[in-house]
Amino acid sequence: MSSIILKDIAKVIGVSEATVSRALRNKPGVNPELREKIFKLAQELNYPFKLPTKEPNYKRIGIIVPDLSNPFFATIIYGIKSVLSSTGYLLYIINTDEDSEAEEINLQSLINDRVEGIITAPTVNSVNLYEQLNCSLPIVFFDRIFKIEGTSSVAVDNRDAIFQAVRKLVDLGHKKICLIAGDVRIYTGAEREKGFQESLRLLDLKAEECPVVYGNFKEPESYAVTKEVLQKRQCTAIIATSNKTTLGILRAVKELGLIIPDDISVVGFDDQEWMQFFTPQITTIVQPAFTIGSIAANLLLQNIKGKMRDENIFLKTQLLYRESITVPKRG
């Protein structure tokens, strides 16, 4: 089964089986963009990463995510698994649903189970928990960062991600751009809003003509605030800050009978498979989710071995230009 899938991946990507094998085993010699593409297809084909058979007593790692239903976090877990499963670790995956009390309870459970380290995207109010844990347990933050001495982290450059989207829209002639912001109490929400405000200054846009409204990374709230903005005709383009925000925007646009991109240009966030089959195809900000996971896992392994602490890595996003943005009719 594995060899068949290996051949399938190689054929679709257009590379050799040896290259696919190196990528899936996290070996050197494969550039990051190609590795991400290979892993994404492997995930779709449910490629079986096997645990080694020689080690009967598996070590444990705790993985904490805020929303397991979000494909972004699921892909990160897949990236973590690709590294840790092949080195004899079992993954204990915790879904907090953004509940800091549940996070505290589950953290204690992980400690009781004697995990060797934790990879986490923390909830808003949990910084004290991790400050207390850091003395005794290696910790790697991903996506969301707490600046705690002795911990490592991996995330994207959120400010630059938004800047690239705004600049592309400005190049097309847009001057009235709306950001459907996330929850600014969360690191990613705050950074993406700051990136938007910085973009307005750098690109000479008027803040009063470029509203920021808050969908809080949730589809229903993003739908509601987008609908209100569009009814007031406040903008010619909208930028999302998460995949769920993107869905809320699209639902509002459809309900109002507007046409993308003729009436409103839309930049999504995260590259979900449906976006390339949507009509029109969605221009979107792509985070290297699988790479985030594999780097987080490698950072934790180095921390466990005592070889590295305080390593903070920021990855670039990619603006995937498709059909959902164009020259504005007005403004």
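Bear in mind that the values in this text are calculations on the coordinates, not laboratory data. Please read these numbers as outputs of a predicted model, since none were measured by experiment. Note that we place each Cβ from the backbone using ideal geometry, even for glycine, and neighbour counts take in every protein chain shown.
Some observations on this one:
- Under a Gaussian network description of the chain, with springs only between Cα atoms under 10 Å, the residue in 292, 38, 162 that fluctuates furthest is 38.
- Between the range 125-175 and the range 275-331, the Cα center-to-center distance that results, in Å: 12
- Residue exposure sequence - 59, 40 - by fewest surrounding Cβ within 10 Å: 59, 40
- 20 Å Cα-Cα reach of residue 37 towards lysines, excluding residues that sit fewer than 8 places from it in its own chain: 7, 11, 27, 81, 316
- Where labels lie 7 Å past Cα in the beta-carbon direction, separation of residue 310 and residue 74 in nm: 3.9
- Charge dipole (Cα centre; +1 on Lys/Arg Cβ, -1 on Asp/Glu Cβ; no other charges) of the range 158-287 amounts to roughly 240 debye.
- Under Karplus coefficients 6.51, -1.76 and 1.60, residue-wise ³J(HN,Hα) of the range 208-217 in Hz, glycine/proline x: 5, 9, 10, x, 10, 10, 10, x, 6, 6
- What the phi angles of the range 190-197 give under the Karplus curve with 6.51, -1.76 and 1.60, with θ = phi - 60°, is a coupling list of 5, 5, 5, 5, 4, x, 5, 5 Hz, glycine and proline written as x.
- Dipole in debye (nearest 20) - the chain, about Cα centre, beta carbon charges: Lys, Arg +1; Asp, Glu -1: 920
- Looking at the chain alone, DSSP beta bridges between its own residues are antiparallel in about 10 percent of cases.
- Each residue of the range 312-324 was assigned a 3J(HN,Hα) from its phi angle through the Karplus expression (A = 6.51, B = -1.76, C = 1.60, θ = phi - 60°), giving 10, 10, 10, 9, 7, 8, 10, 8, 8, 7, 10, 10, 8 Hz with x at Gly and Pro.
- Report summary: the helix-based calculation at 222 nm, which adds -39500 (n - 2.57) for every DSSP H run with n ≥ 4 and divides by the residues of the chain, gives -13000 deg cm²/dmol.
- For the chain, built as a Gaussian network whose Cα springs stay under 10 Å, the top-fluctuating residue of 266, 12, 286: 12
- Recomputing Cα extents along the principal axes in Å from the coordinates shown identifies the correct label among (i) 57, 42, 39; (ii) 55, 52, 45; (iii) 66, 49, 33 as (iii).
- Counting every other Cβ atom within 10 Å of each residue's Cβ, 263, 183 order from fewest to most as 263, 183.
- Close amide H partners of residue 315, meaning residues 5 or more places away or on another chain with modelled amide H under 5 Å apart, are 155, 156, 157.
- Amide H to amide H distances under 5 Å link residue 141 with 120, 152, 153, 154, where only residues 5 or more positions off or on other chains count and H is placed in the peptide plane.
- Cross-link partners for residue 206 among the lysines, with Cα-Cα distance under 19 Å and sequence neighbours closer than 8 places in the same chain left out: 168, 175, 176, 194, 232, 329.
- Once the C-beta distance of residue 104 and residue 60 is scaled by a Förster radius of 22 Å, the resulting FRET efficiency is 0.70 to the nearest 0.05.
- Cβ-to-Cβ counts within 10 Å put 213, 20 in ascending order as 213, 20, the fewest first.
- Think of the chain as a dipole: +1 on every Lys or Arg Cβ, -1 on every Asp or Glu Cβ, centred on the Cα centre; then among 313, 110, 93, 313 lies furthest on the positive end.
- Computed over the chain: relative contact order in percent, which uses C-alpha pairs under 8 Å that are six or more apart: 18
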